[in-house]
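The block underneath contains the structure these notes are about, expressed in structure tokens.
The numbers here are math on the coordinates, done by the rules we state, and not lab data. Quantities reported herein were computed from a predicted structural model and do not represent experimental measurements. Because the Cβ atoms are built from the backbone with ideal geometry, glycine has one as well, and the counts that use them run over all protein chains shown.
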Amino acid sequence: MVHTDTAAQRVITVDLSQEWGAVLHSEAAGYASAALANIKHEFPAGVHHTMTKPGDFPYRPRVRTPVFYGSFDWHSCVEMHWVLVRLLRVCAAVVPSSEIRAALSAQFNTVALAAEAEFIVGRDGLGQRPYGWGWALALAHELAAWDDPDARKWAAAMTPLADAVTGCFLDWLPKATYPVRHGVHANSAFGLSRALPFAEFRARSGDTALRAAITDKAQAWFCADMLYPGAWEPSGHDFLSPALAEAELMARILPPSEFAGWLSLFLPGIQSGEPASLFQPAVVSDSSDGQISHLHGLNASRAWCWRRIAETLPAGDPRAGAALAAARRHAEAVLPHVLGDDYMVEHWLACYAVLLLS
């Protein structure tokens, strides 16, 4: 939290890691159980497929994508695998670690992941741009950055898919003249944000192409943005805030002092809680409706974005308190719904809970 040490008259920077880490530890076992169930939950399935002739349709999801066939759709299944790896890394003592390791060892099969790489570069893999691509690289980064014997084996098995997705980004970004600024899967800022840590990891090993492509495009798309119409949010089935997803990406791209100035022009009313629509959690009227239930994800992703903004602003920035309060408000609205709700919520929402809490 932000507070002032009156004795030394110095401002302490926002850091929610201890407070929200404790929340994550208390909920981690439930999140892990949901993820373990979801990665094997093949039906119902939302399959995007472009038919080229009569009868041209996958026999079943598992035949087409032998690893990421569960959790209703491809990107949600990738997310649930990320949840399991992330929880193993940060909460191993409070999750069923042996069960998770056994499940992931079975899933991260070299031959099966090679088939996933073929899928992602094919016609149907284009439907995962950039959301599924970004989460695939987030999963690859979670494995590659973890000094663990199993993780090293899993990361090696993931390499063909990570390379394929990297190639997809490098092919697409130079041609992407304009960003997509809505609040669902095609949102450009969020996809780039999810991919950036993997790009930075590769850059530290000398391969800077993906990092350069992401940062150059983010600056071209977003650096000159001013007076964003955040009052127009949310739309009826958003799970991302276009305004806050962009701000979160720029918090990664720009140095903190430059980000503070950029944010002043982009969303100038933060200190006074404006626009109000970005500070108030969305109302979810029907969790069984696959589109309306997206709004639970909006509350979760907003909480994460507000947290990232609060923690990135320079110490003492008066906007940090408003951002922190908004993060807490949105987290309180969504966390009771992560588990035990309709499958249209439970097949993916734990991912955003783990993201915002860790």
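Report the local net charge at E42: Lys and Arg +1, Asp and Glu -1, summed over other residues whose C-beta lies under 12 Å from its C-beta. After counting each charged neighbour, the total is +3.
Computed on the range 246-321, the Cα convex hull volume stands at 87 Å³ per residue.
Using the Cα coordinates of the range 205-358, the gyration tensor eigenvalues translate into equivalent-ellipsoid semi-axes of 27, 19, 14 Å, sorted from longest to shortest.
Principal-axis analysis of the Cα atoms of the chain puts helix 17-38 at an angle of about 20° to the longest axis. Peptide packing for 348-356, 166-174 was compared via the average number of neighbouring C-beta atoms within 10 Å per residue; ordered from the highest value, the list is 348-356, 166-174. Whole-Hz Karplus values for the range 260-272 come out as 4, x, 4, 5, 4, 7, 6, 10, x, x, 4, 4, 9 Hz, taken residue by residue from phi with 6.51 cos²θ - 1.76 cosθ + 1.60 and θ = phi - 60°; glycine and proline positions read x.
Hey, any idea what Rg/Rh is for the range 39-93, computing Rh the Kirkwood way over Cα pairs? Ratio value, two decimals: 1.14.
A Förster distance of 56 Å, applied to the separation of the beta-carbon atoms of M226 and S105, puts the FRET efficiency at 0.65. Computed with the Debye formula from one identical point scatterer per Cα of the range 98-233, without solvent, the log10 of I(q)/I(0) at q = 0.10, 0.11 Å⁻¹ comes to -0.36, -0.44. Note: the range 197-262, Cα convex hull, 97 Å³ per residue.
Radius of gyration (Cα atoms) of the range 168-211, expressed as a multiple of 2.2 N^0.38 Å: 1.24. The Rg/Rh ratio of the chain, with both radii computed over alpha carbons and Rh defined as the Kirkwood radius, is 0.96. Across the range 29-132, counting alpha-carbon atoms alone, Rg and Dmax equal 14.6, 52 Å. Couplings 3J(HN,Hα) for the range 90-102, derived from phi with the Karplus relation 6.51 cos²θ - 1.76 cosθ + 1.60 (θ = phi - 60°), are 10, 9, 4, 6, 10, 10, x, 4, 5, 5, 5, 4, 5 Hz, where x marks Gly and Pro. Neighbours of L278 by Cβ distance under 9 Å: Lys/Arg scored +1, Asp/Glu scored -1, total -1. Among the chymotrypsin sites (Phe, Trp or Tyr not before Pro) found in the range 50-85, those both in a DSSP coil and sparsely packed, with 13 or fewer other Cβ atoms within 10 Å of their Cβ, are Y59. Proximity of backbone amide H atoms, modeled 1.01 Å from N, is registered between G70 and no other residue at under 5 Å, excluding neighbours fewer than 5 places apart on the same chain. Taking 0.36 nm per residue of separation and subtracting the Cα-Cα distance, full extension of the segment from S235 to A176 would add 18.8 nm. Report, ordered by chain and residue number, the aspartates and glutamates lying within cross-link reach of K175, taken as a straight Cα distance under 14 Å and ignoring same-chain residues fewer than 8 apart. Partners found: D216. Centroid-to-centroid, using Cα positions, the range 166-238 and the range 289-342 are 20 Å apart. Calculated [222 nm] ellipticity per residue, helices only, for the chain: -18500 deg cm²/dmol; basis is -39500 (n - 2.57) per DSSP H run with n ≥ 4, divided by all residues, nearest 500. Protection proxy ranking of 271-284, 131-144, by the mean of other Cβ atoms within 10 Å over each peptide's residues and highest first, is 131-144, 271-284. 3J(HN,Hα) along the range 343-357: 4, 5, 9, 6, 7, 8, 5, 4, 4, 6, 5, 5, 4, 6, 8 Hz, from the Karplus curve 6.51 cos²θ - 1.76 cosθ + 1.60 with θ = phi - 60°, whole Hz, x for Gly and Pro.
Ranked by the mean number of other Cβ atoms within 10 Å of their residues, highest first, the peptides 92-98, 29-35 fall in the order 29-35, 92-98. Multiplying the residue separation of T208 and A325 by 0.36 nm and removing their Cα-Cα distance gives an extension gain of 38.4 nm.
Ellipsoid semi-axes for the range 271-358, based on the Cα gyration tensor and the rule √(5λ), read 26, 13, 8 Å when sorted largest first. Exposed loop sites here mean trypsin sites (Lys or Arg not before Pro) with a DSSP loop assignment and at most 15 other beta-carbon atoms within 10 Å; the chain contains its longest site-free run at 124-358.
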